[in-house]
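Structure, as structure tokens:
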Amino acid sequence: MWSRRRGSLMPAGCGLEELRRRRREREAVLRKARREQQLISKRLLRDDAPGEAEEGCVAMILGEAEIQQFLRLAQRGTEEKERERALVSLRRGLQHPETQQTFIWLEGSMRTLVGLLTSNQALLQLEAARCLHELSHSEQSAVAEACLPATSYLLTYLSGHSSDFIELCLYTLGNLIVESEAVRRQLLPQGIVPALAACIQSPHLTVLEALGYALSQLLQAKEAPEKIIPSVLASTLPQHMLRLLQPGPKLNLGVAMEFAWCLHYITCSQVNNDLLITHGALSTLGLLLLDLAGAVQRTEDAGLELLACPVLRCLSNLLTEAAVEAVGGQMQLRDERVVAALFILLEFFLWKQPSLLPEGLWLLNNLTANSPSFCTSLLSLDLIQPLLQLLPVSNVVSILVLTVLCNIAEKGPAYCQHLWPGPLLPSLLDTLAFSDTEVVGQSLELLQLLFLYQPEAAQAFLQQSGLQALERHEETQLQDRVHALQQIALHG
Amino acid sequence: MQLPPALHARLAGAPGAAEPLPVERNPKAGAAPFRFMARLVRFPREHEFFEEGDVQRHLYLQDVLTQVAGEPEKPRVPEFTCQVAGCCQVFDALEDYEHHYHTLHRNVCSFCKRAFPSGHLLDVHILEWHDSLFQILSERQDMYQCLVEGCTEKFKTSKDRKDHLVNRHLYPVDFRFDKPRKTRSLATPQVTVQVSAEALGADWEQSEGDAMEGCSEPASERRTCGHRIPPIICFGQGASRGFKSTKKRNKHQ
């Protein structure tokens, strides 16, 4: 069911430790870029680690004369194989930034390349497209913008039939999209959105994955909420995206991942989430969540967390929309299997990628905040203890866990009766020892609710040296709440 | 994290939920100095909350794109020839053949043998180049449709359409799939133009003419190829075609 197209992503000849080290480096670079809001910069899309070149295909710097010669051979060579080889040599050279620069400044070079791209020689066309793809990887806007004359053709070819070629065109477009607003300003009037809407009906998984990539880059653009997302929402793309996210035997991990991220960029831009809800987004994503939890139990497939993450984000954001109520409390919103699935995913994250725990807990908050039903499910499915086990992970996680517990406690005595007696109080006494003010503050809130609705808990608190635990915060910014809580504990 | 053993069974069970416990709030809850309120939280695009997940996503993309840009691996097969009449291209890789077939033989005009990148462009071509009724109608109404997917505009002349493509859709002035119709007699199938690769190479460079001619192999080579296409290759209907609807066929003289 969860078929995966791509093979192993590990480059040959790399030790595990080396891989880990390199990955940490890449992560650090990306994190910095994200903070500077530069995450979609082209520079970061290609892992430029040296030594990953394929055997015998080292990128050579080509000079003007060589480029011209290859182009001439490709155009006018007598033998087809000779012409193809010339383009292959050009492509290899274009892996090098210097060659790219030389190429774009050489008069007529792009025109020739576009000519080859649109020629009737199929194999030359393919090689020319690969050259263009190589150029699209450049970190320099000038190079990406030099590819502008080709975009109308790339879009035209999206309605063709050769899946390899279409895939290449899509990745090229995706790369060009990232690099500059000038490119996007041209692609939109050229009809990229309708072209993608037509192409998304392709049955080829490789094409779909590439399309998802290109679309995700388009949706991440700075100007997307105003200039791009409205037309995407007005097209048939949302329905197709949701179709490709339906759980079932045809669900493909690579494809689903791309479109889940697309959906995330749309929902978090808050342009018209109600429309997505009318198309059944909540229902589809809810079912997908259940499916993911099932898959996580069965396999240790790398990458499931990469699909879970955007699904959780979309659900969380969509749940905040008013339209949710209007759609009449869809079944999934009352289905306690969603809670079960979420906890299975939380456990998976704890093992595989703890940094994603906050995202899961965010959904848990949005599920429980206004829902007696989900709060009851947490209690009846015996999930308080597992939730408490997450407290030591990090401050962010602690705050979220405590918030969810507050969501339950604030619903009244019937709920608090299930919170105490139990493991909650000892855990809270532990969190009072934390140094983080927000964590302690949230613990105080929870204690107030607990004491209010379950007065015996206050007695137990006192007996377990609760007052001493509170004392250490008497002189801090928490003092108002600390004093109030001391009063409640002592006098009820 | 230890999940209760019944949880996995619950996931696999039927949809539904237990009756919710009764809600009963006390006004003192969350009263000053306390401030808790259960509320839905939403995060906008650039929020730092998304940092971790975004970084992981990007790491994944880096791997994917490095793979995509890598040297394409083409499993080689014993040489075979394209079986379309008049075409003798030889191939040793299935991907190459697939692309060749779709580029040259899939959307081919049966009248003039030109190949087009898509069914849509082929339809427009047949209509505008080979349908005499089109010529008559276009004198009275706007018949030249915009080539961009999703744009429903129509124009009186092919020049007006080109202007629209250039100004509204930012298309190149010399867009190769929008050539004005040459004045030849209509609806008579053209003889397949057999040209050598070299002449073609020069051809597209200079003239604004026929972008996608048909088969490029000289006639003399036609008989010498005998290799069969591997039987697993099947592209469905793909022969050249003319008018595709009966409605048009009736009007075609």
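Every number here is computed from the coordinates shown, using simple stated rules; none is lab data. As the structure is a computational prediction, the values presented were derived from the model and not from experiment. Every residue, glycine as well, gets a Cβ built from its backbone with ideal geometry; the counts of neighbours run over all protein chains shown.
Data overview
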item: Residue-averaged [θ]222 nm for chain A, counting only DSSP H segments that reach four residues, each worth -39500 (n - 2.57); result: -20000 deg cm²/dmol
item: Cα gyration tensor, the range A:234-393 - rounded (a/c under 1.5), prolate or oblate; result: oblate
item: Stokes-Einstein D in µm²/s, Kirkwood radius over Cα pairs - the range A:88-139 at 37 °C with 0.692 mPa s viscosity; result: 300
item: Built amide H within the under 5 Å cut-off of B:Gln145, gap 5+; result: B:Phe155
item: Cα-based Kirkwood hydrodynamic radius, the range A:445-487, one decimal, Å; result: 10.5
item: Amide proton proximity set for B:Ala93, modelled H, under 5 Å, gap of 5+; result: B:Val77
item: Dipole magnitude of the range A:337-492, debye to nearest 20 (Cβ charges: Lys/Arg +1, Asp/Glu -1, about Cα centre); result: 420
item: Global form of the range B:1-116, assessed from the alpha-carbon gyration tensor, a/c cut-off 1.5; result: prolate
item: Distance (nanometres) between label positions extended 7 Å along Cα→Cβ at A:Gln246 and A:Gln101; result: 5.2
item: For the range A:380-492, alpha-carbon Rg relative to the globular expectation (2.2 N^0.38 Å, N residues); result: 0.97
item: Globularity index of the range A:108-202, i.e. its alpha-carbon radius of gyration over 2.2 N^0.38 Å; result: 0.99
item: Per-q log10 I(q)/I(0), the range A:72-231, q = 0.09, 0.16 Å⁻¹ (Debye; single scatterer per alpha-carbon; no solvent); result: -0.28, -0.87
item: Relative contact order [Cα under 8 Å, 6+ residues apart], the range A:256-409, whole percent; result: 24
item: Over the range A:152-219, relative contact order from alpha-carbon pairs under 8 Å, at least 6 apart, %; result: 46
item: 3J(HN,Hα) from dihedral phi, the range A:79-87, Karplus parametrisation 6.51/-1.76/1.60, rounded to Hz, x for glycine, proline; result: 9, 4, 4, 5, 5, 5, 5, 4, 5
item: More than 22 angstrom apart: percent of Cα pairs within the range B:47-163; result: 62
item: Diffusion constant of the range A:64-152 at 4 °C, which comes from Stokes-Einstein with the Kirkwood Cα-pair radius and 1.567 mPa s, µm²/s; result: 103
item: Net charge of Cβ neighbours under 13 Å - reference A:Gln479; Lys, Arg +1; Asp, Glu -1; result: -2
item: Chain A, relative contact order [Cα under 8 Å, separation at least 6], %; result: 9
item: Violating pairs (Cα-Cα greater than 19 angstrom) within the set A:Lys250/A:Lys352; A:Lys81/B:Lys74; A:Lys227/B:Lys154; result: A:Lys250/A:Lys352; A:Lys227/B:Lys154
item: Of every Cα-Cα pair in chain A, the percent that sits beyond 44 Å; result: 29
item: Cα gyration tensor, the range A:138-279 - rounded (a/c under 1.5), prolate or oblate; result: oblate
item: Whole-Å distance, taken between Cα centres, linking the range B:104-164 and the range A:162-233; result: 25
item: Shielding score for B:9-15, defined as the mean number of other chain Cβ atoms within 10 Å; result: 6
item: Under Karplus coefficients 6.51, -1.76 and 1.60, residue-wise ³J(HN,Hα) of the range A:412-428 in Hz, glycine/proline x; result: x, x, 4, 7, 5, 4, 8, 8, 9, x, x, x, 5, 4, x, 4, 5
item: Average beta-carbon neighbours from other chains, 10 Å sphere, peptide A:346-353; result: 2
